[in-house]
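Just below is one structure, and these are the notes that go with it.
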Amino acid sequence: MQAMLTLLSQYDVLGAFWVNIQLTLWSALFSLILGVVLVMMRISPIPSLRAFASGFVEFFKNMPLTIIMVFMLLGAFVQLRFQFSSTFSSNFYWLAITGLSLYTSVFVCESLRSGINTVPLGQAEAARSLGLGFFQTAGLIVLPQAFRGSVAPLGNTLIALLKNSTVAAACSVATETSTLMKTMIEYNASSIVAVFMIFAIGYVILIIPIGLLTTWLSNTLAVRR
Amino acid sequence: MTSTSAIEANADPSSLAGVHKHRFRHPKAVEQNILFDEPGPRARRRIALFNVVGVVVVLAFFAWILYRFANPPMGENQLSWELWKPALSADAWVYFYLPGLLATLEASVLAIVGSLVFGVLFGIGRLLPVKIIRWISSIVVEFCRAVPVLLFMIFFWRLLAGLGFNNGAAFWAVVISLVLYNGSVVAELVRSGVGNLPLGQREAAIALGMSPLRSLISVEVPQALIAMLPAMITQLVVVLKDTALGSIITYTDLLQESRRLGSAHFNALQTLCVAAVIYFIICFVLSLVSEKLPQHLQHRTVGVVREPVQAPIAILDPSNVLAQERASERELPQGGAEPLYPDHYHGSNAVVTDAWRYSHMEHGHDLQHPDEHFKTTFPESVYRKRSSGGPSIAGEISDEEFEAKVRQLRQTHGGGEDSDSGSTDSGSETGFEPGSDSGSETGSDSSSPNGSSK
């Protein structure tokens, strides 16, 4: 316990967690947008878009996140010269967010699809019989209900995203938790368990409220039919 | 998923065509199920037009990517054969990719075996009637699920190195971390698999004189394992994907080897692409297997074998299985009113109650009397035990209420079903899941023994 407190005072652990939270929030935002676009494509009447979206989903679903992150660093940055910013650190930061967003958007898409399954067919039929077109049916009738039905899987995806944000280490984001943990262990090899417990408990503390909120939200928002 | 997308392409092209593709439905059933009116000539023309536009947009997207590959600002042409040749040569395969792949597979196989053992042990631990064992297993499982695998890996890597394992430190760190995380996921699979079995299995085992532990080991868990096999193969995909994390702690897996090869020839992009394709093929094949498997396994268990509901279990946890099962069981392809039943979400990483046992399958649900919320799933003793102390949970009723319900139910059913205390047998007749009954499809039904489709 004493070891933990000294460690906490020596290193900016909270700052590291804050970096992970920021990574998570940005990626959550972008992957949500991309995920909605993907799911719209998958349910659209246009075969080419459907095929593209399902190909995209299959591709990223079966790809390790680590290789995406390494690709972002060695492929996209070093060889393709993708640059978000002139400074290295913020450049890596945004590259990591890009990788995380691409990877997570696929799971957002799948969660939303499972949510769409909770919407009875009658809803879409009614919308069509009222003369609504595809975008109106999807945007006004189906997706709002789908969102409410997919809170639980979306919450799980968010939790996974938070945990996956540690993989940003593979994209040279040096300030996040797993890198800091590595450094701390290097300099405090004797109290390795204390170091690990600090971070492990940190994640448990972060994840529990998300889980509680998800459960509460999904029970509150679920459309009672 | 691919099978569905293939079907989608054939299916009715009208709006929202992909929406109600039920993943558990037989492909034929999907095709026969015409969800919307055929689009008229105008709509068909419009769809064809947009389709062409879509093709152009998609092709333009790929063309842009290729262009970016060929002309990176101030960089060399990434499509040149100079860069691709060393990434594809025979030497690269013999000295880098194949050893790397072998290392990846080695770690995955060991990890999946270990996580099976871990999962079954802790899964049983969470189901045992002994409170302290249940508590310990719950804490272990929840902890392992909440902590990022990478942190585990770094911890064990340094720990083992500190203990003097110089050679195998990274390898064993990868294996142990994956066992802990995926084992806890498997533990949850086992738990939910046992929860999905009809209660009669346990009752029969108890009636034969088995102890609760014996019943779990000999009767329930084996069937649960078979029922959960597809989900476990999905878990194998996760394990395989997660071994790539090992490259961060210098384990020489496929990713690490391709990085090494890339740094030798300054063509990391190309070698990573090759590695990505290898990963993709393996994971994709495994996913396909896990989708095909349920049909072959159903006759070996009374549990409902289903393909894993969705890959996020991949990145996360089996609570997804339940949540999304529920999502899909709600489908009512023919429309109409849904049966009333509470729609709880059971379980996330954070919240573990026992409520999943009580409410996610209500065997006694009677479609004729949808307002009847009486749960006949669990024997009296379960309710008694819960109501005498302990936190309040969904589905819990007091002893008096219980007795009253039993009496009332016996009356409404005309006393015809003389079942043991508190479990009227309507459950086993109406099927597993009330919701899925009305939404069940012709076609996929036949595989499920209880006439309810998942």
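All of the numbers you see were taken from the coordinates with simple rules; none came from a lab. Computed from a predicted structure; not experimentally measured. Because the Cβ atoms are built from the backbone with ideal geometry, glycine has one as well, and the counts that use them run over all protein chains shown.
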task: Return yes or no: is A:SER85 among the polar types (S, T, N, Q), over 26 Å from B:LYS241 (Cα atoms), in contact with a helix residue (DSSP H, G or I) (Cβ under 7 Å, 6 or more places away or on another chain) and not in a helix (DSSP H, G or I)?
output: yes
task: May I ask you to list the residues in region A:193-205 that are without any contact (Cβ under 8 Å) to a residue 60 or more places away in the chain and surrounded by 18 or more Cβ atoms within 10 Å (Cβ to Cβ)?
output: A:PHE196, A:ALA200, A:TYR203
query: In region B:253-290, what residues are surrounded by fewer than 21 Cβ atoms within 10 Å (Cβ to Cβ) and among the charged types (D, E, K, R)?
result: B:ARG260
message: Go through (1) in a helix (DSSP H, G or I); (2) surrounded by 14 or more Cβ atoms within 10 Å (Cβ to Cβ) for B:ALA60 and report which single condition fails.
response: (2)
- prompt: B:ASN166 passes all but one of (1) outside any helix (DSSP H, G or I); (2) in contact with a helix residue (DSSP H, G or I) (Cβ under 8 Å, 6 or more places away or on another chain); which number fails?
  reply: (2)
message: Within region A:62-73, does at least one residue satisfy the condition of being facing chain B (nearest Cβ under 9 Å), in contact with a Gly (Cβ under 8 Å, 6 or more places away or on another chain), surrounded by 21 or more Cβ atoms within 10 Å (Cβ to Cβ) and within 24 Å of A:THR215 (Cα to Cα)?
response: no
message: Taking the conditions exactly as written (over 22 Å from A:GLN22 (Cβ atoms) and either in a helix (DSSP H, G or I) or touching a strand residue (DSSP E or B) at 6+ places or on another chain (Cβ under 7 Å) (or both)), does A:ALA169 satisfy them or not?
response: no
- prompt: Of all residues in region A:153-171, how many are more than 7 Å from chain B (Cβ to nearest Cβ) and touching a Gly at 6+ places or on another chain (Cβ under 9 Å)?
  reply: 3
message: Being among the polar types (S, T, N, Q), crowded, with 21+ Cβ neighbours inside 10 Å, farther than 27 Å from B:PRO148 by Cα and touching a residue at least 12 places away in the same chain (Cβ under 8 Å): is that true of B:ASN182 here?
response: no
